[in-house]
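Here is the structure we will look at, set down as C-alpha cells.
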Amino acid sequence: MTKSKLNESEIQIGDSGTVKSAKEVLSGTSKKGWLARLMPFMGPAFIASVAYMDPGNFATNIQGGAKFGLELLWVIVASNLMAMLLQSLSAKLGIASGRNLAEHCRDNYPRPVVLGMWVVAELVAIATDLAEFLGAALGFNLLFGVPLLWAGILTAIITFLILGLERYGFRPLEAVITAFVGVVGLSYLIEIFLVKPNWGDVMYHAVVPHFSGVESVIVATGILGATVMPHAIYLHSALMQDRIVVKNPKMQQKLFRYEVIDVVVAMGAASLINMAMLIMAAATFHQTGMTNVGSIEEAHRTLEPLLGRASQYIFGISLLASGLSSSSVGTMAGQVIMQGFLRKHIAPWIRRLLTVLPPLVVIASGLDPTRTLVISQVVLSFGLPFAIIPLITFTRRRDIMGTLVNKPITTFFAGMAAALIIGLNFFLLYQLAFGS
C-alpha cells in the first residue's frame, strides 16, 4: 500500500471488489443504496485518524484534564477542526496528482532543503514511534503486569503481525485498524457514562479559549502536537494515491467528496474520543482535588477507588488498542517519508526494529514514560509547519491539482490554521524563555 501508483493488476484479490464497487459508484452505474455506495470509500481516514488518538493523546489529555479541568477542551475542538481540513487537503493531493506529499517536496524543492525536511520528518516519526510504542507497552504492563521491557518486545512482535496484513491488500489492514479505533471509542463511551460530567461546563469550555500560565500553554501545545500530527499528513496522501485511481476530473471530484465524508466521520470520532479523555480526567481527578495525577500509571491506579475496578481495565484496554494500532500506522508513515523524500525503501520489519530502540532506551533508563510522551508531543507540534506549509502550497497549484485545486477560501482557512499552529509554537518558546 505504500508503493507508488499501484495499478489495477497489482491490487490484491481482496481489494479488487472494493475498487470495482467504487468505480461503479463514481461512474454512476451502481444500483446500491447510499450506505453501500459509501462503504468502498471508507477506511483511509480511519487509518490516519489513529494518529489523533494515540498514547500521546492519553498523556496530554490526562495531564490537561487533571491540572486544568475542562479549561483546555477548546484546544481539542480547534485542533480537530484543523485536522479535518488538513487531512482533506492531504487526501485531495493524493487523488489529484497520484503522488504523496513527500514525493512532491522531493520534486519541487532544492536537494539541501529536501534533506533538511527529511531529517525533520524523521525526527517527528521517531517522536511519534516513541509515544505509540511506550503507550502499548504501558497497556500490557497495566493490564497484565508484564514488565515494561518485555511489554515493549511484545508490542514489537504484534506490530509486525499487524503490518503483515498489507500483503493481503488494503482492506484487511483498514478493518483491523478501524476495529482498534472502535475499541478505544467504546472504552471512553463507558468511561464518560461512569464519570457523569457537567455537560453545561463541557459545552462552555469546548468553545471558549483560555490559558492560565506557562504550564497550560505547554500542555496545550502538546495537545495540538498530539492531534494535528505531521506524519499523518504525509501518510494520508500516500493512502489515497494508489487506492482508487481515476483520471477523469469529474470522477476525481466525486471521489474527493466521498473522501471528505470519510475524513469527517473518522476525525469526528477522534475528536469525541479526545474530548472524552480530557473530560474523564477533569471529572475524575481535577474536581476531586487530585490535580497532580499527571501520569498514565497514576490515572490507571486511581480510577479503581473512584469509579470501580472495571474502569481500570477499560482504561487499560483502550490504551493497549491505541498503542498497537498507532504503532503500526507510525511505521507505515515512516516508510512513506523515507521513500518519498529519498526514493529509498526498507522492509517494514527493519524499520520497526530501528524504532524499537528509542523507547527501549527510555524504559531501561527509568525515565518517566508519561512525561516522555508529553515532551514527544511538543516535538511533534514543532514539526507541523514543515508538513502543513508545503501541503497548502501544492494544493493551491492548478498544475498539480487540476480541477481539485484549492478554492481561495480553502487556502485562506488552511493558511489561518498554519498561522495559528506556528504562532502557538512561538508563543510557547517566548513563555518558556521570558515567562514567569
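The values are calculated or read from the model by the stated rules, or taken from the named source; none is laboratory data. In this text the structure is predicted, and so the values were computed from the model without any measurement. All Cβ positions, even for glycine, are placed from backbone atoms using ideal geometry, and neighbour counts span all protein chains on display.
Report whether or not Leu148 is surrounded by 18 or more Cβ atoms within 10 Å (Cβ to Cβ) and not small (Gly, Ala, Ser). When the stated conditions are applied, Leu148 passes them.
Scanning the stretch 29-62 for residues that are free of Cβ contacts under 8 Å to residues at least 40 places away in the same chain, in contact with a helix residue (DSSP H, G or I) (Cβ under 9 Å, 6 or more places away or on another chain) and not in a helix (DSSP H, G or I) yields a count of 4. Picking from residues in the stretch 310-331 that are of a type in the set (A, V, I, L, M) and surrounded by fewer than 22 Cβ atoms within 10 Å (Cβ to Cβ), the one that is modelled with the highest pLDDT is Ile317.
For the stretch 100-206, the helices (runs of 4 or more DSSP H) that sit wholly inside it and include 3 or more residues that are over 29 Å from Thr372 (Cβ atoms) are 101-108, 111-144, 170-195. The sole residue among Ala83, Ala22 that is closer than 22 Å to Phe180 by Cα and either at pLDDT below 95 or touching a strand residue (DSSP E or B) at 6+ places or on another chain (Cβ under 9 Å) (or both) is Ala83.
Show the residue pairs meeting these rules: Cβ distance below 8 Å; 6+ apart or different chains; first residue within the stretch 130-143 and in contact (Cβ under 8 Å) with a residue 40 or more places away in the chain and surrounded by fewer than 24 Cβ atoms within 10 Å (Cβ to Cβ); second residue assigned to a helix (DSSP H, G or I) and acidic (Asp, Glu). Short answer, once both residue conditions are applied: Leu142/Glu297. Residues that are part of a loop (DSSP other than H, G, I, E, B), surrounded by fewer than 24 Cβ atoms within 10 Å (Cβ to Cβ) and within 22 Å of the chain's Cα centre (by Cα) within the stretch 210-243 comprise just one, Asp242.
For the stretch 189-221, residues that are small (Gly, Ala, Ser) and within 11 Å of Met280 (Cβ to Cβ) total 0. Cβ-Cβ distances below 9 Å connect the following pairs, each with a first residue in the stretch 68-83 that is outside any helix (DSSP H, G or I), a second residue that is surrounded by fewer than 24 Cβ atoms within 10 Å (Cβ to Cβ) and hydroxyl-bearing (Ser, Thr, Tyr), and a separation of six or more residues or different chains: Gly69/Thr291; Leu70/Tyr204; Glu71/Ser212; Glu71/Ser216; Leu72/Ser216.
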